[in-house]
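Here the structure is laid out as structure tokens; the discussion comes afterwards.
The values are calculated or read from the model by the stated rules, or taken from the named source; none is laboratory data. Please read all numbers here as calculations on a predicted model, not as lab measurements. Using ideal geometry, Cβ is built from the backbone for each residue, glycine included, and neighbour counts are taken over all protein chains shown.
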Amino acid sequence: MSVLKNKNIILGVCGGIAAYKSAELVRLLIKQGAQVQVVMTNSATEYVTPLTFQALSGKEVRTALFDLGAEAGMGHIELARWADLILIAPATANTMAKIALGMADDLLTTLCLASNAPLLIAPAMNQQMWRNEATQSNVEILKQRNSVSFCGPAEGIQACGDSGPGRMEEPDGLLKSVIDEFDVQAEKKCLKGKKVLITAGPTIEDIDPVRYMSNRSSGKMGYAIAQAALNLGADVFLISGPTALEAPEGAKVFMVRSARQMYDAVFEVIDSIDIFIATAAVADYRPVEKVGQKIKKNTDKLNIELVKNPDILTAVAALPQKPISIGFAAETNDVESYAKSKLERKNLDMIVANKVSETEGFEGDNNALQLLWRVQNNKEISSKKLPYATKKELAKQLMNEIVLLFIKELKS
Ligand code: C5P
């Protein structure tokens, strides 16, 4: 049975040439058993007539906020509550801007404001409009919201003759995104009662009372993952090295300093943990001893003897009853091949690879990730790229992928 059976979907259609493709989308959604209520903006009706959508959806198309007849049937607040999902396809720059600002000056934007249903946006516009800083900052605002996801836009030749990003995803691709959205929602409940442990930030290894060794790490990725796991209903334990970040509300936070403290804190709780995500940039070595007093600079050379720190992730993944164990691999080069060997060597369920450069990786708010995991009963490795986006957005996508991939193991 399709996951869309009896699901209530509001399909918002904005004014763009891609609106004609949404007619096919209605047909596909209905075929899967969904109930589709089409809501058109005024300009959308210039491209396709409401009658087309009405014939395909079997429901009177809604176009106006102040329509006494329609409101007498299902008022806009009722309609907002009725929706299990609001899908806007095509979504124009104008409508996205209004939703980003929380405006409600037509029926579609009012519904977005009045509904707590997830919102799936399929942008469609000229490539320059898509690239415009104003549009991009609105997209970023929307992506920060937990209930909002995007499908597309695709790249290619546009109706206006330009070529670039801004084409609406094809109806097949949109249908797949809608199904994924409901899959994730269905699985979301499965993280209720599940315990997720995340290590984040750097560790600090003291040399003397005023000097230390550490790794570059802001902790932003780990904290964003903790928030995303909380949003999926998990009990979240965050074991963090020193960072300047505010801890996500609802997480059980343990602040530590050194790798050994992080190791001890992890092993305090690990027995009850279902998913372990190691994002921390743990220092690989520490000084053999911390000198009690400040070391004087009275020699030209100074040797500090280092000893290896315990590898927390490897130790967790070696447990007989190991949780689903996910590591991060920050590399400057040959990202994929190093990540693959780390996946094998550390006996992980998944490795999240990212390239470290001036724009990606440590302190910034953005990143691009590649997920690699072993296909069950098979030695092959599957992979998926999560393109350049905010760490918050990537954390949300990563948690969704983890839920989809490992849900069977989590249930057992
Ligand atoms: O071996 P490498 O340090 O590159 O592996 C990175 C992954 O292992 C990260 O997920 C990191 O959090 C984890 N790690 C760890 N303990 C260490 C070193 C790395 O948990 N001592």
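Please give the number of the condition Val307 fails out of (1) buried (at least 21 other Cβ atoms within 10 Å of the Cβ); (2) in contact with a Phe, Trp or Tyr (Cβ under 8 Å, 6 or more places away or on another chain).
(1)
Among Ala315, Ala330, which is outside any loop (DSSP other than H, G, I, E, B), within 13 Å of the ligand (Cβ to nearest atom), more than 19 Å from the chain's Cα centre (by Cα) and of a type outside the set (D, E, K, R)?
When all the criteria are applied, what remains is Ala315.
Is there a residue in segment 333-352 that is touching a residue at least 40 places away in the same chain (Cβ under 8 Å) and more than 21 Å from the chain's Cα centre (by Cα)?
yes
Step by step: first the residues of segment 271-304, then only those that are within 14 Å of the ligand (Cβ to nearest atom) and over 16 Å from Ser214 (Cβ atoms), then the one that is surrounded by the fewest Cβ atoms within 10 Å (Cβ to Cβ). Which residue is that?
Ile273
Here is a yes/no grid of residues against (1) more than 25 Å from Leu319 (Cα to Cα); (2) aliphatic (A, V, I, L, M); (3) under 16 Å from the mean Cα position of the chain (by Cα):
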position	(1), (2), (3)
Asp180	yes, no, yes
Lys192	no, no, no
Ile225	no, yes, yes
Leu232	yes, yes, yes
Ala247	yes, yes, no
Ser272	no, no, no
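Among the numbered criteria (1) closer than 30 Å to Lys290 by Cα; (2) assigned to a helix (DSSP H, G or I); (3) modelled with pLDDT under 90, which one does Glu363 miss?
(2)
Looking at Gly161, Gly250, Gly166, Gly219, which one is farther than 30 Å from Lys7 by Cα and either crowded, with 17+ Cβ neighbours inside 10 Å or touching a Pro at 6+ places or on another chain (Cβ under 9 Å) (or both)?
Gly219
Does segment 339-359 hold any residues that are outside any loop (DSSP other than H, G, I, E, B), more than 9 Å from the ligand (Cβ to nearest atom) and touching a helix residue (DSSP H, G or I) at 6+ places or on another chain (Cβ under 9 Å), and which are they?
Met350, Ala353, Asn354, Lys355
Could you go through segment 180-193 and let me know if any residue there is outside any loop (DSSP other than H, G, I, E, B), touching a residue at least 60 places away in the same chain (Cβ under 8 Å), crowded, with 24+ Cβ neighbours inside 10 Å and within 14 Å of the ligand (Cβ to nearest atom).
No: segment 180-193 contains no residue that is outside any loop (DSSP other than H, G, I, E, B), touching a residue at least 60 places away in the same chain (Cβ under 8 Å), crowded, with 24+ Cβ neighbours inside 10 Å and within 14 Å of the ligand (Cβ to nearest atom).
So which of Ala34, Ala89, Ala83 ends up being more than 14 Å from Cys112 (Cα to Cα) and in the same structural domain as Ser115 (by TED's automatic domain parsing)?
Ala34
Here is a check on your reading of the model: is Arg260 outside any loop (DSSP other than H, G, I, E, B), out of contact with any strand residue (DSSP E or B) (no Cβ under 6 Å at 6 or more places or on another chain), more than 8 Å from the ligand (Cβ to nearest atom) and assigned by TED's automatic domain parsing to the domain that holds Val403?
yes
Tally time: how many residues in segment 263-308 are part of a loop (DSSP other than H, G, I, E, B) and without any contact (Cβ under 8 Å) to a residue 24 or more places away in the chain?
11
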